[in-house]
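The values are calculated or read from the model by the stated rules, or taken from the named source; none is laboratory data. As the structure is a computational prediction, the values presented were derived from the model and not from experiment. As a convention, Cβ positions derive from the backbone with ideal geometry for all residues, glycine included, and neighbour counts pool all protein chains shown.
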Amino acid sequence: MGNEMKTILITGATGFLGSHLTHRLWQSYRVVILKRSFSDTWRINDILKNIRVYNIDCVELKRVFEENQIDTVMHTATNYGRQGENVSDIVRTNLLFPLQLFELAISFNVHTFFNTDTIGYKYLNDYTLSKKQFLEWLKQYYNKIRVINMKLEHIYGPKDDENKFITFLIRRMMRNETIDLTAGEQKRDFIYIDDVIHAFVKVLETESLHNEYEVGSGDSISIKKFVRLIHRLTESSSTLNFGALSYRENEIMESHADISKLTEIGWQPFVSSEDGIMRIIKNEKEHYASHQTNC
């Protein structure tokens, strides 16, 4: 069956990762998205007319499966608990909702269920606990449906939330503000959003035996080195106060993805850190210029 005949259901399509996935997939597949009636759709406004949209606070989830022959579910919706949400809200988004979605996927004979997970953050908080609990449930049903768990390293790119580390840094450096940081010795695996989307598509289109893939560049770089790279590329005069902030409790000092399973199916990252940062800077400048024009 050709790709043009397949239907993909995407959750979290108005978010950073989900919106990039939606942009990539709608031209090759029928795309159905789930969102809330009050979700801000700014990231996907240009393609809304090309996809089928359900507001999950207005319709029963089961109806989505009854009205569409879903082949693949890509679950990217998540609640990090960064906006002061209570535990029950986090559990509802990260455990109860995807569990209901997963049950329906099994009932309606969906071929593949993608779950979006995180690598490395071993300090236990409400977010990581709820994500781990859902993954344990998924593992119980590997024999019922093809489950793919995509464990992401530190992804970045244009249109990310402004409070995310790299977007936050770039914006502050473009304004030449003083920035307080940790000593920056911890190492992270930064992976550009286009490479992440390519990984999802590659796994989607490959009948692989693996249930889990780690997604990153495969290498790690110190926060200090990465921040200094951003500082140079933004041509900023910001003062960087390394060591002004303490490491968080149980800080992970090094994290990087094992990308061997992805390279096995022909995937590799193409976007360098320098190129990725420059793309965000270009996007930020265009956004600023557009905002100035509209004022």
Scanning segment 187-196 for residues that are under 13 Å from the mean Cα position of the chain (by Cα) and surrounded by fewer than 20 Cβ atoms within 10 Å (Cβ to Cβ) gives Asp194
Across segment 78-99, the tally of residues that are loosely packed, with under 14 Cβ neighbours inside 10 Å and modelled with pLDDT under 90 stands at 3
Reported set for segment 111-135 where residues are at pLDDT below 90, hydroxyl-bearing (Ser, Thr, Tyr) and either in contact with a strand residue (DSSP E or B) (Cβ under 8 Å, 6 or more places away or on another chain) or buried (at least 17 other Cβ atoms within 10 Å of the Cβ) (or both) is Thr118, Tyr127, Thr128
Within segment 139-186, of all residues that are under 20 Å from Leu233 (Cα atoms) and of a type in the set (Ser, Thr, Tyr), the one surrounded by the fewest Cβ atoms within 10 Å (Cβ to Cβ) is Thr178
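Here's the yes/no breakdown for (1) under 19 Å from the mean Cα position of the chain (by Cα); (2) farther than 12 Å from Leu9 by Cα:
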| residue | (1), (2) |
| --- | --- |
| Ile51 | no, no |
| Val59 | no, yes |
| Arg63 | no, yes |
| Glu66 | no, yes |
| Ile70 | no, no |
| Met74 | yes, no |
| Gly81 | yes, yes |
| Glu85 | no, yes |
So, Ile277, is that one crowded, with 20+ Cβ neighbours inside 10 Å, more than 20 Å from the chain's Cα centre (by Cα) and hydrophobic (A, V, I, L, M, F, W, C) or not?
no
- Item | Glu254 being more than 14 Å from Asp189 (Cβ to Cβ), of a type in the set (Asp, Glu) and out of contact with any Gly (no Cβ under 8 Å at 6 or more places or on another chain) | no
Only unsatisfied item for Phe38, checking (1) under 17 Å from Thr116 (Cα atoms); (2) of a type in the set (Phe, Trp, Tyr); (3) assigned to a loop (DSSP other than H, G, I, E, B), is (1)
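Given the condition within 23 Å of Thr93 (Cα to Cα), free of Cβ contacts under 8 Å to residues at least 24 places away in the same chain and among the charged types (D, E, K, R), answer yes or no: does some residue in segment 27-37 qualify? If you could, list the steps in order and put the result at the bottom.
Residues of segment 27-37 that are within 23 Å of Thr93 (Cα to Cα), as a first pass: 31-37.
Add one more test, that the residue is free of Cβ contacts under 8 Å to residues at least 24 places away in the same chain, and what stays is 35-37.
Right, trim to among the charged types (D, E, K, R) and you get 35-36.
Yes; the residues of segment 27-37 include at least one that is within 23 Å of Thr93 (Cα to Cα), free of Cβ contacts under 8 Å to residues at least 24 places away in the same chain and among the charged types (D, E, K, R).
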Log entry, pairs with first residue in segment 249-268 being among the polar types (S, T, N, Q) and modelled with pLDDT of 95 or more, second being surrounded by 13 or more Cβ atoms within 10 Å (Cβ to Cβ) and assigned to a loop (DSSP other than H, G, I, E, B), beta carbons closer than 8 Å, six or more apart or on different chains, reads Gln268/Ile259
Check: Going by the structure shown, is Ser208 closer than 30 Å to Thr7 by Cα and modelled with pLDDT under 95?
Finding: yes
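Can you name the residue in segment 243-262 that is in a helix (DSSP H, G or I) and surrounded by 15 or more Cβ atoms within 10 Å (Cβ to Cβ) and, of all such residues, is farthest from the chain's Cα centre (by Cα)?
If we filter segment 243-262 for residues that are in a helix (DSSP H, G or I), which is where we start, we get 260-262.
Retained after the next criterion (residues that are surrounded by 15 or more Cβ atoms within 10 Å (Cβ to Cβ)): 261-262.
Details: Lys261: 19, Leu262: 17 Å.
Only one residue fits best here, namely Lys261.
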For Glu284, the lone unmet condition from (1) in a helix (DSSP H, G or I); (2) surrounded by 16 or more Cβ atoms within 10 Å (Cβ to Cβ); (3) modelled with pLDDT of 95 or more is (3)
Of the residues in segment 191-220, those that are touching an Asp or Glu at 6+ places or on another chain (Cβ under 7 Å) and of a type in the set (A, V, I, L, M, F, W, C) come to Ile191, Val215
